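What follows is a short report on a single structure.
The values are calculated or read from the model by the stated rules, or taken from the named source; none is laboratory data. What you are looking at is a predicted structure, and each value in this text was computed from that prediction instead of being measured. Glycine also receives a Cβ, built like all others from the backbone with ideal geometry; neighbour counts cover every protein chain displayed.
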Amino acid sequence: MIRPILVVGNPVLRQKAKRVSQIDKSIQRLIDDMIETMKAAPGVGLAAPQVGVPLRLAVIDVDDKITVIINPEIVKTSAEVELDEGCLSVPGFWGRLDRAERVSVKALDRNGKELRIRDAEGLFAQALQHEINHLDGQLYIDRMDTLDKLQRSEPLRRREADEREARRAAGLEEDDESSTKTTPD
């Protein structure tokens, strides 16, 4: 079942998520729902708090490989690099921030077995850090050194331009040229 994704401003996104104590049918159902929701969005990852469930659980889809992490901990990081990042809970924007280039994580998989991810890199490393930040009540915008680096995403810019054009066509808004023309005295 596709679940609604919470957006910035919802207090659940700012809570530190609780550890999953038992992996039962309800957790398995939540995992399945999160995978379906992430794919429908579409997104690279999704943390349980983003669907209103304050548990330490996230799903990641990189290179068509789904990874489920339960009660994850980052155990090792490398030097940081500046990366572009967006979030399903901050729709329509992306920003630049520093993330470790490589990370190692320990967690449980969806069957409760220990999962060790060693020296993940690239988009997978970035997604692991991003989703674990969600579990700690942090959004990527909290990690940006300045919000001046926050940008509107291209689809949002296109939609706004389309809406402006529709308003102009309907006579509800002057186009830029006619509003800046001056008439001679």
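Quick one: in the range 140-162, which of the residues that are part of a helix (DSSP H, G or I) and at pLDDT 80 or above is surrounded by the fewest Cβ atoms within 10 Å (Cβ to Cβ)?
To start, the set of residues in the range 140-162 that are part of a helix (DSSP H, G or I) comprises 140-143, 147-149, 154-162.
Subset that is at pLDDT 80 or above: 140-143.
Numbers: Tyr140: 24, Ile141: 17, Asp142: 11, Arg143: 15.
Checking each candidate, the answer is Asp142.
Taking the range 53-90 as the range and being among the hydroxyl-bearing types (Ser, Thr, Tyr) and under 14 Å from the mean Cα position of the chain (by Cα) as the test, only Ser89 passes.
Residues of the range 68-84 that are modelled with pLDDT of 95 or more and in a strand (DSSP E or B): Val68, Ile69, Ile70, Asn71, Pro72, Glu73, Ile74, Val75, Lys76, Thr77, Glu80, Val81. Counting only residues that are at pLDDT below 95 and either under 15 Å from Val59 (Cα atoms) or not charged (D, E, K, R) (or both), the range 96-139 holds 1 of them.
Close contacts from the range 60-71, counting a first residue that is without any contact (Cβ under 8 Å) to a residue 40 or more places away in the chain and a second that is part of a strand (DSSP E or B), with Cβ to Cβ under 6 Å and a gap of 6+ residues or different chains, come to none at all. Here Thr37 clears all of (1) farther than 30 Å from Asp145 by Cβ; (2) in a loop (DSSP other than H, G, I, E, B); (3) in contact with a Leu (Cβ under 7 Å, 6 or more places away or on another chain) except the condition numbered (2).
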